[in-house]
Amino acid sequence: MSNPEENLDDYSPSPEEVLWVPESEAGRRLDQVLALLLPQYSRNRLQTWIKAGQLLVDGVEEREPKRKLRGGESLALVALHDQETLAQVPEAIPLDIVFEDEALLVVNKPAGMVVHPGSGNWSGTLMNALLHHDPVLAGVPRAGIVHRLDKDTSGLLVVARTLESQTDLVRQLQARTVKREYLAVTWGIPDQEGRVEAPIGRHPSQRIKMAVVPGGKPAITHYRILRRYQGAALVCCRLETGRTHQIRVHMAHVGHPLLGDPVYGRASTPGLPSFGRQALHATRLGLIHPVSQAPLSWEVPLPDDMKQLLEDLPDA
């Protein structure tokens, strides 16, 4: 397990920045000597880089951490900032923590933050922020993340601080006992309340999108209108399942995509204020505490941008 306190920005050697093996270290293993010369990194991380071919010994790639050195060799680490490594780097990113104890963290994620590193987003993620806030999370798969919110969706998200808690929360999600409610602003006014039961899978021709498709995974969304506007509505959506983009797909499926959603609706809508993201916020979260077994719930208000959107919408 890599040391969560390490920060790759502290040291970025290139082949031109050469380290020299002291003569006094003759006979010692390569990983031991490298740990001596680069104490800011853990032995495990250095071994990983060696095995990945990121170390040159006298200008030649070396992948064997146990190689014995004679003293006097040149060592150069190359290509340190690979994507997988960046994904594991703790970053001092502020977090809005709603709840924290020995088993759980509940975070109010801002819009614009990616939850888990992936293609095009290998740093600046919630995972990077969590690893900085609590280095112990480096020992939990995916830094304890058990469910996700889209990058441009704000709101509540739970993180497990131990493997036991993560296992319990995953089981609760599978059993559909985790309660999740969202506030959304729709384009147009749907029925006062409804239940959308429609399977969701990958769009058959547009691979970056999800869609209601035959053979997709079962998906159920409940919704009800909280307030009507001219050409729009504030809607409370409750998830019974948790498919990728579920609310966005289901509300578009019933003819009322979310304002500001360029993927399933339009980036801008005639006669309505423009909004720079899908108007979706995870406002309530409820679950059973994995240790105490007590029922817990949290609620956070709309972020400022959605409050402003509602103020700008014309009254019905």
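Multiplying the residue separation of K179 and S274 by 0.36 nm and removing their Cα-Cα distance gives an extension gain of 31.1 nm.
A Gaussian network model of the chain, with springs between Cα atoms under 10 Å, assigns the largest mean-square fluctuation among L137, L77, L280 to L77.
Computed over the chain, relative contact order equals 13 percent, with contacts defined as Cα pairs under 8 Å that lie 6+ residues apart.
Across the range 262-277, rounded Karplus estimates of 3J(HN,Hα) from the backbone phi angles (6.51 cos²θ - 1.76 cosθ + 1.60, θ = phi - 60°) give x, 7, 10, x, 9, 5, 9, 10, x, x, 10, x, 6, 9, x, 7 Hz, Gly and Pro being marked x. Restricting the range 162-229 to GluC sites (Glu not before Pro) that sit in a DSSP loop and have at most 11 other Cβ atoms within 10 Å of their own Cβ leaves nothing.
Once the chain from I288 to R207 is taken as fully extended at 0.36 nm per residue, the excess over their C-alpha distance is 25.6 nm.
In terms of its alpha-carbon gyration tensor, the range 89-154 comes out oblate; a/c meets the 1.5 threshold, while b/c is at least as large as a/b. Computed 3J(HN,Hα) for the range 296-311, one whole-Hz value per residue from the Karplus formula 6.51 cos²θ - 1.76 cosθ + 1.60 where θ = phi - 60°, is 10, 8, 9, 9, 10, x, 4, x, 4, 5, 6, 4, 5, 4, 5, 5, glycine and proline marked x. Between V60 and V136, what's the calculated FRET efficiency when r is the beta-carbon distance and R0 is 45 Å? Round to 0.05. So the FRET efficiency works out to roughly 0.70.
Contact order, relative form, for the range 176-316: 27 percent (alpha carbon pairs under 8 Å, 6 or more residues apart, mean separation divided by residue count).
Let me know the shape class of the range 61-202, please: from the alpha-carbon gyration tensor, a ≥ b ≥ c as square roots of the eigenvalues, rounded when a/c is under 1.5, otherwise prolate if a/b is greater than b/c, or oblate.
Working: a/c = 2.57, a/b = 2.14, b/c = 1.20.
Prolate is the answer for the range 61-202, as a/c is 1.5 or above and a/b outweighs b/c.
Per-residue extension of 0.36 nm, minus the Cα-Cα distance of Q32 and A92, leaves a gain of 18.6 nm for this segment. For the range 174-183, the Karplus equation 6.51 cos²θ - 1.76 cosθ + 1.60, evaluated at θ = phi - 60°, returns couplings of 5, 7, 6, 9, 7, 9, 10, 10, 10, 9 Hz by residue, with Gly and Pro reported as x.
Recomputing Cα Rg over 2.2 N^0.38 Å from the coordinates shown identifies the correct label among [x] 1.25; [y] 1.30; [z] 1.09 as [x]. Relative to its Kirkwood radius, the Cα radius of gyration of the range 176-316 gives an Rg/Rh of 0.99. Around the amide H of M210, modelled in the peptide plane, lie the amide H atoms of H203, all under 5 Å away and 5 or more residues distant in sequence or on another chain.
FYI, it's all coordinate maths here, none of it is from the lab. Remember, it's a predicted structure, so these values are computed and weren't measured experimentally. Using ideal geometry, Cβ is built from the backbone for each residue, glycine included, and neighbour counts are taken over all protein chains shown.
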